[in-house]
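In what follows, a structure is listed as structure tokens, so that the remarks can point back to it.
The values are calculated or read from the model by the stated rules, or taken from the named source; none is laboratory data. Owing to the predicted nature of the structure, the values given are computational and were not obtained by experimental measurement. Here the Cβ positions follow ideal geometry from the backbone for every residue, glycine too, while neighbour counts run over all protein chains shown.
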């Protein structure tokens, strides 16, 4: 243990993190394998009251990472675990039930974890937003039971979900619709195109970025002459604007951007989103409809920008790439264009308010075509393409 780390007051860290979020009952900080590690004990009742179903992401970004933004390097938390109470309930009486067996079969297809009667669907089995939408569709199709984010927040354990379905089911049958079919269903919303505003953004931002950040744009010849998904690395709040400024004129006016409502839905940024061909999403709200809306640009042969990491890096390292972009590419048979954005972390990293005049590079890589690839392979190939470019050609590659 280093001398600096031995002086860290774990109790002070615990108290600070508890002050940052209302969704923790307790937290325990310790050293594990030489790094600071947190064990978090969520307040599940508080989470249920506000319908938060992505518990791990909520506590990661709005507890741990908020603390890390203000902490000294030696005091940052490098790993965490979410602890939840173990229930001693027997499932012997439901083992032969058809509803329970269908639920088990569904979950086994999506999780390699050992499934217990009281398993938490996210914390034990690792289900994510895509899995939840598939689960809602499966339950509606198989049992005639409507499950959405509001009531799902109170039944995130297998035994709770089973009990709810058992009580409200109308039928027991094989599911008739898949997520692919649901994504292709028509919805009332229409895309809000703003080609003039998008052109105005580019006219304004491109010379400004070239002057202030010495912006270097390469690889535009790799962009297909057809609908595609752009998958950039995500280093700072500048990245969406960097994409707008770096895309060629004819392409940027035909491109839509995926962004989180809790960031771009604020009073400051909502006018930009409303007029910038931006699709705002909430990971805890109306997931099925959100995915249908996100798919609209591809249905209309337009382009879509999705940051696969889902959040900005806090330390320049690539985060895990989430599979939704790859699933859309597979469904609509559109290529994925990996994009390396490098230098924006140094210009406007997490916690910074005003951007610094640091060199930024945007490089469009060779497209990845989904034909013959599994969703997991598309994700892996996209992440590796960006990682390789950062390692070998990035302005600040490490």
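At a glance:
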item	result
Residue 217 vs. criteria outside any loop (DSSP other than H, G, I, E, B), in contact with a strand residue (DSSP E or B) (Cβ under 7 Å, 6 or more places away or on another chain) and surrounded by 18 or more Cβ atoms within 10 Å (Cβ to Cβ)	yes
Helices (runs of 4 or more DSSP H) completely within the range 276-336 that count 2 or more residues being modelled with pLDDT under 85 and either crowded, with 19+ Cβ neighbours inside 10 Å or not assigned by TED's automatic domain parsing to the domain that holds residue 260 (or both)	287-294
Test: residue in the range 93-102 that is in contact (Cβ under 8 Å) with a residue 60 or more places away in the chain, crowded, with 18+ Cβ neighbours inside 10 Å, in contact with a helix residue (DSSP H, G or I) (Cβ under 7 Å, 6 or more places away or on another chain) and under 30 Å from residue 39 (Cβ atoms)	no
Verdict on residue 167 being more than 17 Å from residue 52 (Cα to Cα) and assigned to a loop (DSSP other than H, G, I, E, B)	no
Filter result (over 22 Å from residue 325 (Cα atoms) and either in a loop (DSSP other than H, G, I, E, B) or modelled with pLDDT of 95 or more (or both)) within the range 126-149	144, 145, 146, 147, 148
Selection count where residues are surrounded by 16 or more Cβ atoms within 10 Å (Cβ to Cβ), out of contact with any strand residue (DSSP E or B) (no Cβ under 7 Å at 6 or more places or on another chain) and without any contact (Cβ under 8 Å) to a residue 40 or more places away in the chain, scope the range 107-123	2
Which numbered condition residue 188 fails, given (1) in the same structural domain as residue 106 (by TED's automatic domain parsing); (2) free of Cβ contacts under 8 Å to residues at least 12 places away in the same chain; (3) part of a loop (DSSP other than H, G, I, E, B)	(1)
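Results for (1) part of a loop (DSSP other than H, G, I, E, B); (2) modelled with pLDDT under 95; (3) under 19 Å from residue 312 (Cα atoms), shown as yes or no for each residue.
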| residue | (1), (2), (3) |
| --- | --- |
| 221 | no, no, no |
| 224 | yes, no, no |
| 231 | no, no, yes |
| 234 | yes, yes, yes |
| 258 | no, yes, yes |
| 266 | yes, yes, yes |
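Table: residues versus (1) more than 26 Å from the chain's Cα centre (by Cα); (2) touching a residue at least 60 places away in the same chain (Cβ under 8 Å); (3) under 30 Å from residue 317 (Cβ atoms).
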| site | (1), (2), (3) |
| --- | --- |
| 180 | no, yes, no |
| 203 | yes, no, no |
| 207 | yes, no, no |
| 218 | yes, yes, yes |
| 228 | no, yes, yes |
